[in-house]
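> Below: one structure in structure tokens.
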Amino acid sequence: MGAFHISMVKMDTVGKHFPKKRETMSEYEALESAYLDGMREILSEVAARRHLEIWGIRSNNPHIRKANEESSYAIKRLHSSLNENQRELYGFMEEAMSTEQGLEEEEAFVVGILEGYRFIKELQRSGGGLTLV
């Protein structure tokens, strides 16, 4: 993979430098689309990295903690009842399911960040929510 240069510029700034004599709606929409695609890519990368940073943090939600305790107890009971071959097969299955779940969680996290970004952009376009702090 080659080197990347990421530049984040406000869309208004890009629009100011867009040649006025050539500015048509379709050209401006294509430019805005390219800008939003770039933002989507950047936000996806940032969200994926953030997800990896917080992935191991245990939830303080009592419902999640209780569900985790119950599933751990059930898994321990099942594991203790298996013979060696069954334990090995169960380990393969558990690893595959864990990988799948991790990828699904990461995707859901990234999609949530992107949807939040879209929501904020729509607020800004509608004239509301310009100072979101």
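Values in this text are rule-based calculations from the coordinates and carry no lab data. Every value quoted in this text rests on a predicted model; they were computed, and no experiment measured them. In this analysis, Cβ positions are derived from the backbone assuming ideal geometry, glycine residues included, and neighbour counts consider all displayed protein chains.
> In region 27-131, which chymotrypsin sites (Phe, Trp or Tyr not before Pro) fall in coil by DSSP and have 16 or fewer other Cβ atoms within 10 Å? Numbers along the way, then the final one.
On the way: sites: 28, 35, 55, 73, 90, 92, 109, 117, 119; in loops: 55.
Those satisfying the criteria are 55.
> How many times 2.2 N^0.38 Å is the alpha carbon radius of gyration of region 11-125? Display every interim value, and only then the final one.
On the way: Rg = 23.2 Å, N = 115, 2.2 N^0.38 = 13.4 Å.
Relative to the rule-of-thumb radius for its length, region 11-125 sits at 1.74.
> If you take the charge dipole of region 11-125 about its Cα centre, with +1 on Lys and Arg Cβ and -1 on Asp and Glu Cβ, which of 47, 116, 68 is farthest toward its positive end?
It is 116, whose Cα lies furthest towards the positive end.
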